[in-house]
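The values are calculated or read from the model by the stated rules, or taken from the named source; none is laboratory data. Every value quoted in this text rests on a predicted model; they were computed, and no experiment measured them. Positions of Cβ are backbone-derived with ideal geometry, glycine not excepted, and every protein chain shown enters the neighbour counts. Only protein heavy atoms, including side chains, enter the accessible area calculation; ligands, DNA and RNA are left aside. Shrake-Rupley method; radii C 1.70, N 1.55, O 1.52, S 1.80 Å.
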Amino acid sequence: MRERSAYRRGEAAIAAALLGLGVYVVWSASAMPAGSLAQPGPAVFPFGIGVLLAVAGGAILAGLGLKGPAGEAAPLGRDAAVAIVVLAAAAVAFERTGALATFAVMLLVLHFTLARGPWWKSMLFGLAGAAAAWALFARVLGVGLPGPGF
Amino acid sequence: MESFGQLLHGFAVALTWKNLLYCLMGCVWGTAVGMLPGLGPLAGMALLLPLTFGLDPATAVIMLAGIFYGAMYGGSTTSILARIPGEAASVVTCIDGHEMAKKGRAGPALVVAAVGSFVGGTLSVVGLTLFAPMLADAMLRVGPAAEFILMVLALLVVAFVSSGPMVKTLAMLLLGLAIATIGLDPLTAWPRFTYGAITLSDGIAFVPLSIGLFGVSEILLDLDRRGAMRPIKPRLRDLMPNARDLRQSAPAIGRGSVIGFLFGVIPGISHVISTFVSYAVEKRLSKTPQEFGQGAIAGVAGPEAANNATTGSSMIPLLVLGIPAIPVTAILLSAMLIHGVRPGPQLISDHPNVFWGLIASMYVGNLLLLLLNLPLVGVFVSLLRIPRAYLTPSILLICLVGVYSVNANVVDIWIMVGSGIVGYLFRKFGFDVAPLLLALVLGDRIEISFRRALSISGGDYAVFYQGAAAKVFLSALSVLLFVQCASWAIGYRKRSGNRDTSIG
């Protein structure tokens, strides 16, 4: 029951965000040249899309067209949360510390979180996986990756 | 006859050792991602898209198409052995396929699924070979006004046939169109929503967005799910179906192929719908409908043939009209554009190697899959036993490298992470992200054709209902809207009737 009301709340939050985005697109488009009937300018398309997006967001918020019972939404799990943080951290670190170090830490943390086993196994997986990924992508496939960073 | 000659030329392209190798790689990778729950053809193609940049266009498209129909094959294996559909179109196969596996008949179920997939896939490529050139010829005479109506029609069909609430699908389509407006205006180069950032001048990059929306979000959702898989392991010597199996499955495969081919050209989730329709038809026509749900082989053969028959026909709107009917073909479209190939009526004359090479490779790929999948079923099943602690970090690492390798730009990684989180939230709360991708791909062309049509007509909106093609598409649009409004009215009357009865 609690998961169903969480589902409806999440649905409403997304609908509100879409409504807000629609209003923002309309507001931004109104500052662009509208052109004429024969030569529509860059404002016309985003303006129309913004209006429709706001209407669609509003309709979802009002519960229109949402047939049937709500689905169930499990709360954000620990594993998914860790994966999001690791990916964001990898984006920050990738060019600063280099690909090899980023790969090693990323694999280590994710493996440790998901396996819930001894840390040395995760460390081994991190190091071996990073080396293998570096060899495959940088050496075999010739992908330009930021320096080793060690 | 001319098409036959060009098809032979296509075989000359597809049968070079390089294209054969990439076709095989695509098929094997496709089978693997189709089997692994959470990774469907979309994520599988999005992940390997960056690796195709160094290839010539025909090879790249051949490999990506191989992933597409390989995933359709692979999805059935997990459905039969583990009752977990590897991808959405294999849901129906779970019903009778897994029941057969539980009764020790996994082998015949797998063989019939593979043969059904092969026949369905091959027949639909024959249809593609016959109809695509004719349709392309007709489409050369379509102007921007008719093109605009056709694309709007395609998006509305997606919204109307979606499995979830239509208003949510419409919102996703509109969000995709809104994202498509980011960057320089295609006709006047006026910067829209770029905030002075040069990176945004070309718009939001398709590759990181699609990997985020489909690959990363799917992995995050999978991390929220729990439960181990216990696939049934089939024995090779038990693979062959008996005479009764063959008698029951042959007509089902034929009917499934026709249903799949017809549904494949409809934009949206046609490959999923076609399997349900095929299952319903088989159950209706069966002399023993009570066996359905208990392990009826026709319940595996028909839907599997239908599922794979959509792969060929869903290529028709992409190759001939330049309109991706389903998200998978949107990724193919994106790959073609990256390689400087614009799908549409002129594709056959401008890039015969790509067009006929792709079609010929689909014949070859279907045969490769049939030959590979049965002897290697044990190897593929062992993929399901790789612990998540090893698989998930490895896939996320491939996503990261794949996205970065396109432009060597860390902003793309941010886009991937951001769209992954957004896609995760959308999907968690019942918003399908596939329509967003379709609208994003078509957004530019919809706007350009709309503005060009008005420009040519001097601002006269009558241009949208003049000309034979515009009239045909507009009539189809009107019929679609009428049918939808009628179904709303009927549903409303039924609900009011029920309410009155319960009050009374």
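Summary table below
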| quantity | calculated |
| --- | --- |
| Check: segment B:1-132 dipole with +1 on Lys, Arg Cβ and -1 on Asp, Glu Cβ, in debye | 380 debye |
| Per residue accessible area of chain B, 1.4 Å probe, in Å² | 38 Å² |
| Compactness of segment B:20-126, expressed as Rg and Dmax over alpha-carbon positions, Å | 14.3, 48 |
| Dipole in debye (nearest 20) - chain B, about Cα centre, beta carbon charges: Lys, Arg +1; Asp, Glu -1 | 1580 debye |
| For B:His98, solvent-accessible area (1.4 Å; no DNA, RNA or ligand), Å² | 20 Å² |
| Chain A: C-alpha gyration tensor shape, a/c 1.5 cut-off, then a/b vs b/c | oblate |
| Amide hydrogen neighbours beyond the local backbone of A:Gly35, cut-off 5 Å, H modeled | A:Gly41 |
| Share of pairwise Cα separations in chain B, more than 34 Å, in percent | 36 percent |
| Hz values of 3J(HN,Hα) by residue in segment B:386-393 - Karplus curve (6.51, -1.76, 1.60), Gly and Pro given as x | 5, x, 4, 4, 9, 5, 4, x |
| Placed amide H near B:Arg192: partners under 5 Å, 5+ positions off or other chain | B:Gly183, B:Leu184, B:Asp185 |
| Inter-chain shielding of B:454-462 (mean C-beta neighbours from other protein chains, 10 Å cut-off) | 3 |
| Folded to 0 to 90 degrees: helix B:243-264 orientation relative to chain B principal axis, Cα | 10 degrees |
| Cleavage-rule hits (trypsin sites (Lys or Arg not before Pro)) in segment B:269-358: DSSP loop, at most 10 neighbouring Cβ within 10 angstrom | B:Lys287 |
| Count of Lys pairs (Cα-Cα under 25 Å; at least 8 positions apart or interchain) in chain B | 8 |
| Paired Rg and Dmax values of segment B:348-439, which use every Cα atom, in angstrom | 18.9, 49 |
| Surface/4 of the Cα convex hull for the protein assembly as shown, nm² | 31.1 nm² |
| Rounded to 10°, Cα long-axis angle of helix A:2-29 versus longest principal axis of chain A | 70 degrees |
| 10 Å binning of all Cα-Cα separations within segment B:90-175, expressed as whole percents from 0 upward | 14, 21, 25, 27, 11, 2 |
| Options B:Leu391, B:Gly430, B:Gly344, ranked by Cα towards positive dipole end of segment B:339-458, top entry (Cβ charges) | B:Gly430 |
| Mean Cβ count within 10 Å, highest first, over the residues of peptides B:422-433, B:112-123 | B:112-123, B:422-433 |
| Viscosity 0.890 mPa s, 25 °C: Kirkwood-radius Stokes-Einstein D of segment B:288-424 over Cα pairs, µm²/s | 130 µm²/s |
| The protein assembly as shown, helix-only ellipticity at 222 nm - DSSP H runs n ≥ 4, -39,500 (n - 2.57), divided by all residues, nearest 500 | -23500 deg cm²/dmol |
| Accessible area (Å², 1.4 Å probe, nearest 10) - A:Ile49 | 10 Å² |
| Residue mean of other protein chain beta carbons inside 10 Å, B:400-408 | 5 |
| Buried solvent-accessible surface, both chains (A, B), 1.4 Å probe, Å² to nearest 100 | 5200 Å² |
| Helix axis angle, B:468-503 relative to chain B longest principal axis, alpha carbon, degrees | 60 degrees |
| With every protein chain in place, chain B: carbon and sulfur % of accessible area (1.4 Å) | 66 percent |
